[in-house]
Structures are given as structure tokens and as C-alpha cells.
1. Under the condition of being at pLDDT below 90 and not acidic (Asp, Glu), which residue from region 23-39 is nearest to the chain's Cα centre (by Cα)?
2. Among the listed residues Ser6, Ser53, identify the single one that is at pLDDT below 85 and of a type in the set (S, T, N, Q).
3. Could you tell me which residue of region 40-64 is farthest from the chain's Cα centre (by Cα), considering only residues that are β-branched (Val, Ile, Thr) and either surrounded by fewer than 10 Cβ atoms within 10 Å (Cβ to Cβ) or more than 30 Å from Thr98 (Cβ to Cβ) (or both)?
4. Here are some residues: Arg31, Arg67. Which one is closer than 30 Å to Gln106 by Cβ and of a type in the set (D, E, K, R)?
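The values are calculated or read from the model by the stated rules, or taken from the named source; none is laboratory data. Just so we're clear, the structure is a prediction, and the values are computed from it rather than from any experiment. We place every Cβ from the backbone using ideal geometry, glycine too, and count neighbours over all the protein chains shown.
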Amino acid sequence: MLIRRSGGRKGRVRDVQELDIFYEDLTPEQRDIYDCIGAQAYERLVQRYGGLSIYVAKADSVIRSARDEKIRRDFNGYNFKYLVNKYNLSERTIRSITAEIRQEKQNAPLEGQLSFDEI
């Protein structure tokens, strides 16, 4: 264990560059993270990302990204109204989410069509 929950300075915990770390030594923000994810996960986080700045996305951002990916998978090139109803979004939003796919489909060669590279 990297960090002892309590016990003052009596017990030695696992060395991290020869430093003993106790729960009481953590900043309030670090204690909050420790309390939220638990001792083992906090230890892994410190060992892997210690000293680095990391970004934790908001839940709604993660949910939105997953939703947008589902919309892209469901999109067949013409089913805007279906997706509007299924995901309860505006047609403008659906078109925005699927814009890159629509552009790729428009620029794709027709079946059997040769490109200049193939001539």
C-alpha cells in the first residue's frame, strides 16, 4: 500500500522514491480523488500519471460522444427523420453529426469507376 489511511508516522508504507506518504499528507483535492477511487486505484494513478496534468471529461461529454458514434453507425445516407425521432434531436444536429460521413460518401468513387491513379 502506498498510502496509509491513518496511523500517524509510526508505520512505514511502501517506498515511493524513499518517501513515506500518509493520507494526512495529501492535499484536500488529492484526498477527494483518493476517497473517490480508492487506495489501489489512487496508487496506480500516482505511479502512472504522477506529475502529469490529466483531463477527466465530464459525463455529458462522454455520453454525447457515444451517442454521436451510434448515430453515425445508424446513418445510411438518407434516414435523417428516423434519427431525429430515435435520438430526439433536431435535423440540423443530425446533419452536423453525420456531415463527415456524408462528405466521404459524396467523394467516394462510384462502383466500377476508375480513378486517375488506376488509368
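1. Residue satisfying both the conditions and the ranking: Ala39.
2. Answer to the check: Ser6.
3. Val46
4. Among Arg31, Arg67, only Arg67 is closer than 30 Å to Gln106 by Cβ and of a type in the set (D, E, K, R).
Let's see how each residue does on (1) at pLDDT below 90; (2) surrounded by 12 or more Cβ atoms within 10 Å (Cβ to Cβ):
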{"residue": "Ala66", "(1), (2)": "no, no"}
{"residue": "Asp74", "(1), (2)": "no, yes"}
{"residue": "Asn88", "(1), (2)": "no, no"}
{"residue": "Thr98", "(1), (2)": "no, yes"}
{"residue": "Gln103", "(1), (2)": "yes, no"}
{"residue": "Gln113", "(1), (2)": "yes, no"}
